[in-house]
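What follows is a short report on a single structure.
The values are calculated or read from the model by the stated rules, or taken from the named source; none is laboratory data. Not measured: the values here are computed from a predicted model. As a convention, Cβ positions derive from the backbone with ideal geometry for all residues, glycine included, and neighbour counts pool all protein chains shown.
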């Protein structure tokens with residue numbers, strides 16, 4: 001069974017024994033929408049208040065990385081001028097569960113390929129499961145297919161953001177124009193800039209991290225420290241990591257709702273503090289420009305976003321690992337539509353009205 005999407009010449013090895021079938025995973029719509037929506041929010045807010053010069057100043061606050069280091073001519077070609085493809089990466093560099101020797105390593109909790117159509121009025125956000133079983137190129141300069149099979153999340157450990165970019169481009173055959181990495185750890189400051197957020201605690205638990213806070217069932221008002229502690233808990237819940245992802249969704253939604261409902265976006269002082277804390281939690285590629293994005297995305301709004309999960313056949317066990325297996329035929333069709341900027345036609349043929 002082939003489990004990656006890439007160039008036609010790539011032929012992954014077969015397995016002697018078919019993997020044991022597990023229940024199909026449900027799309028993580030909430031987390032996809034909210035994490036990606038955060039990146040769009042920064043741009044859309046600036047465009048909405050017409051502060052082009054202020055956007056230029058915010059550019060100086062963004063941390064930058066060479067996300068395309070050593071990537072060579074094996075990269076896909078740009079097929080449609082004006083369309084943009086942005087890889088959104090969600091991570092948590094300050095997670096207390098991270099080992100000391102991994103504290104500065106890139107780790108991805110979420111991978112999203114955001115396609116902005118050439119007219120810049122619509123965008124589609126494709127979630128790539130972190131456990132998707134793919135071929136990871138052996139180096140940043142290696143040809144697609146010249147590597148080893150692993151979960152796509154492992155690409156960060158193999159070669160940081162550039163290897164992840166190379167892996168996603170090989171998987172999708174879509175040229176990535178920009179990269180934006182969002183650090184959950186930085187949302188402590190974002191939350192405090194908003195005066196805290198209200199979060200629903202679905203069961204009473206004691207944090208496994210010092211100072212071992214008690215979260216009591218019901219609605220709780222949390223500051224940045226408390227909120228970050230809450231969204232990192234998973235071992236106390238029957239659903240484990242899925243519960244944590246749900247809480248991350250709710251946390252990001254609370255942040256965005258609080259920003260929009262308390263006058264933050266219309267108060268220059270609050271807006272300044274909020275945007276500075278958000279940009280401090282974001283790392284972008286060397287050429288990313290908020291001021292340029294503000295102009296290009298001025299017509300892009302939340303209602304113009306569609307959220308999609310990369311087609312897959314659910315969870316299987318391969319080489320002793322629980323992985324997600326791509327539905328190659330459907331995924332190829334999707335990514336060809338992304339590369340050719342034909343997502344409107346693809347969505348009309350493949351998505352129900354309730355999907356977006």
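Annotations for the structure displayed:
- Strands (runs of 3 or more DSSP E) fully within the stretch 288-348 counting 2 or more residues that are modelled with pLDDT of 90 or more: 312-318, 321-326
- Per this entry, residue 171 is not counted among residues that are in a strand (DSSP E or B), in contact with a strand residue (DSSP E or B) (Cβ under 6 Å, 6 or more places away or on another chain), buried (at least 17 other Cβ atoms within 10 Å of the Cβ) and modelled with pLDDT of 90 or more.
- Selection of the stretch 176-222 for residues being farther than 14 Å from residue 248 by Cα, at pLDDT below 90 and part of a strand (DSSP E or B) yields 180, 181.
- For the stretch 256-286, filtered to residues that are touching a strand residue (DSSP E or B) at 6+ places or on another chain (Cβ under 7 Å) and either surrounded by fewer than 16 Cβ atoms within 10 Å (Cβ to Cβ) or not in a helix (DSSP H, G or I) (or both), the residue that is modelled with the lowest pLDDT is 281.
- Of all residues in the stretch 102-124 being at pLDDT below 85 and under 9 Å from the mean Cα position of the chain (by Cα), the one that is surrounded by the fewest Cβ atoms within 10 Å (Cβ to Cβ): 109
- If you go through the stretch 110-144 and keep only what is farther than 15 Å from residue 167 by Cα and part of a loop (DSSP other than H, G, I, E, B), you end up with 117, 118, 119, 120, 121, 122.
- Residue list for the stretch 192-237, restricted to those being under 14 Å from residue 258 (Cβ atoms), buried (at least 17 other Cβ atoms within 10 Å of the Cβ) and out of contact with any strand residue (DSSP E or B) (no Cβ under 7 Å at 6 or more places or on another chain): 193, 194, 224
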